[in-house]
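Accompanying notes for the structure given below.
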Amino acid sequence: MAIGKLGLALSTREIKGLVEDDLAQVEAEFRLEAVGSVDAVSQIAQYLQSNGGKRLRPILLLVSCRLFREPSPEAIRLAAIVELIHTATLVHDDVIDDAKTRRGKPSTNVRWGNQTSVLAGDWLYMQAFQIALRLRSFEILDLLITLTQQMVDGELLQLERIGKIGITEADALELINHKTASLFAACTRLGAIAAGATQEQQAVLGDFGWNLGMAFQIVDDILDFTSKESVLGKPVGNDLREGKVTLPLTYALQQASADERAAVEKVLASGNYDEVSVDEIRRILDRHEGIERARARAQEFIAKSRALLESFSDSPARSALFAATGLIADRDR
């Protein structure tokens, strides 16, 4: 079900209002734990923390916890852990992609260089596990280790497929599973673990987060072609410029002509839009309904995530999670 823009704005305030105090504690924990013995690590962490992120992942963890109880200090630490892991992935992604901007500002690799950025990302990962170790929970450590392996697998899969036009729907969804959905699933499941939920409840919330993460990334891939640079904080069509064939383009290429495929291949080979414009790629997408089909696929995952919430009693936390599905489905950035 579509939600109007006013409804989205109200939902955003309601969700953040529900965990506002919790989130303030997470921010303080993040600042404290992201201080390294080498200044560059602290500077990079502070730079990214102040760079306008939505804190969606810790919010999902905290709201999931609130389905059962108020977040404990353990839940606050877990929320800081997932934000540290997410921050580490941003640092590494920008190095791998040779990105120039992040949310409209120079990326960390531009400001500090590749070598320092990679090592800072490594430090942030290890710091996240250092905090997790203090919780003395093998269940949590196992989940976080599995998550990290999945995300690294995703990066390796993406590198293998860079510049290749023959990406299937299954390939694209596999990548989303590894790189995005796995982290969302971990966040919602960790919230349930911190609240002392049953194994069945943990599994349901994990599935909810996974479906939400799948939808989130598909919408992100759509926005890469349909949004504006001023909104995205990075150039439009950047994924294809970096050699990535994402789900909307995968759908369009299933029906594209030889000339249209050749146009896409030119961008993949050159890494720019000098010969083939972004507008021309957008026309190929429109002609073969790549964006519409990707949006419909995202809606399928949204519908599954909403259905999973039906097993929980009505509460402000459940309403907030339901609202989050609308925010993700209809977001414009």
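What's the total number of residues in segment 272-326 that are among the polar types (S, T, N, Q) and more than 19 Å from the chain's Cα centre (by Cα)? Explain how you work it out, then say what you get.
Keep residues of segment 272-326 that are among the polar types (S, T, N, Q), which gives 272, 277, 299, 305, 311, 313, 315, 319, 325.
Checking the rest, the ones that are also more than 19 Å from the chain's Cα centre (by Cα) come to 272, 277, 311, 313, 315, 319.
Qualifying residue count for the region: 6.
Looking only at helices (runs of 4 or more DSSP H) that lie completely in segment 167-279, which have at least 1 residues being of a type in the set (D, E, K, R) and in contact (Cβ under 8 Å) with a residue 24 or more places away in the chain?
In segment 167-279, the matching helices (runs of 4 or more DSSP H) lie at 169-176, 182-194, 199-226, 238-241, 258-270.
Among the residues of segment 44-83, write down those that are aliphatic (A, V, I, L, M) and closer than 12 Å to residue 23 by Cα.
Of everything in segment 44-83, those that are aliphatic (A, V, I, L, M) and closer than 12 Å to residue 23 by Cα turn out to be 56, 59, 60, 61, 62, 63, 75, 76, 78, 79, 80.
Consider residue 68 against the criteria (1) assigned to a helix (DSSP H, G or I); (2) at pLDDT 90 or above; (3) closer than 24 Å to residue 208 by Cβ: it satisfies all of them except one. Which criterion is unmet?
(1)
Table: residues versus (1) among the small types (Gly, Ala, Ser); (2) touching a residue at least 40 places away in the same chain (Cβ under 8 Å).
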site	(1), (2)
115	no, no
120	yes, yes
127	no, yes
133	no, no
139	no, yes
145	no, no
157	no, no
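Filter segment 302-333 down to residues that are surrounded by 22 or more Cβ atoms within 10 Å (Cβ to Cβ) and not hydrophobic (A, V, I, L, M, F, W, C), then give me how many there are.
Matching residues across segment 302-333 total 2.
Within segment 5-50, restricting attention to residues that are of a type in the set (Val, Ile, Thr) and more than 13 Å from residue 87 (Cα to Cα), which residue is modelled with the highest pLDDT?
It comes out as 26.
Quick one: residue 293 ticks every box in (1) of a type in the set (D, E, K, R); (2) without any contact (Cβ under 8 Å) to a residue 60 or more places away in the chain; (3) in a helix (DSSP H, G or I); (4) over 22 Å from residue 250 (Cβ atoms) except a single one, so which number is it?
Every listed condition holds for residue 293 apart from (4).
Please indicate, with yes or no, whether at least one residue in segment 301-308 is among the β-branched types (Val, Ile, Thr) and farther than 25 Å from residue 165 by Cα. Give the steps one after another, and end with the answer.
Initially, segment 301-308 is screened for residues among the β-branched types (Val, Ile, Thr), giving 302.
Now restrict to residues that are farther than 25 Å from residue 165 by Cα: 302.
Scanning segment 301-308, I find at least one residue that is among the β-branched types (Val, Ile, Thr) and farther than 25 Å from residue 165 by Cα, so the answer is yes.
Only one of (1) in contact with a helix residue (DSSP H, G or I) (Cβ under 6 Å, 6 or more places away or on another chain); (2) not in a helix (DSSP H, G or I) is not met by residue 78, so which one is it?
Result: residue 78 fails condition (2) only.
Is it true that residue 265 is under 19 Å from residue 226 (Cβ atoms), modelled with pLDDT of 95 or more and either touching a helix residue (DSSP H, G or I) at 6+ places or on another chain (Cβ under 9 Å) or of a type in the set (D, E, K, R) (or both)?
no
Just a yes or no: is a residue in segment 98-107 of a type in the set (Ser, Thr, Tyr), surrounded by 21 or more Cβ atoms within 10 Å (Cβ to Cβ), under 27 Å from residue 191 (Cα atoms) and at pLDDT 90 or above?
So far as segment 98-107 goes, no, none of its residues is of a type in the set (Ser, Thr, Tyr), surrounded by 21 or more Cβ atoms within 10 Å (Cβ to Cβ), under 27 Å from residue 191 (Cα atoms) and at pLDDT 90 or above.
Is it the case that segment 62-70 has a residue that's among the hydroxyl-bearing types (Ser, Thr, Tyr), buried (at least 16 other Cβ atoms within 10 Å of the Cβ) and closer than 30 Å to residue 106 by Cβ?
If we filter segment 62-70 for residues that are among the hydroxyl-bearing types (Ser, Thr, Tyr), which is where we start, we get 64.
With buried (at least 16 other Cβ atoms within 10 Å of the Cβ) added as a condition, the list becomes 64.
Adding the requirement that they be closer than 30 Å to residue 106 by Cβ leaves none.
No.
Residue 163 is checked against (1) part of a loop (DSSP other than H, G, I, E, B); (2) crowded, with 18+ Cβ neighbours inside 10 Å; (3) modelled with pLDDT of 95 or more and fails just one. What number does that condition carry?
Single failed check for residue 163: (2).
The values are calculated or read from the model by the stated rules, or taken from the named source; none is laboratory data. Since this is a predicted model, take the numbers as computed values, not measurements. Note that each Cβ is placed from the backbone with ideal geometry, even for glycine, and that neighbours are counted across all protein chains shown.
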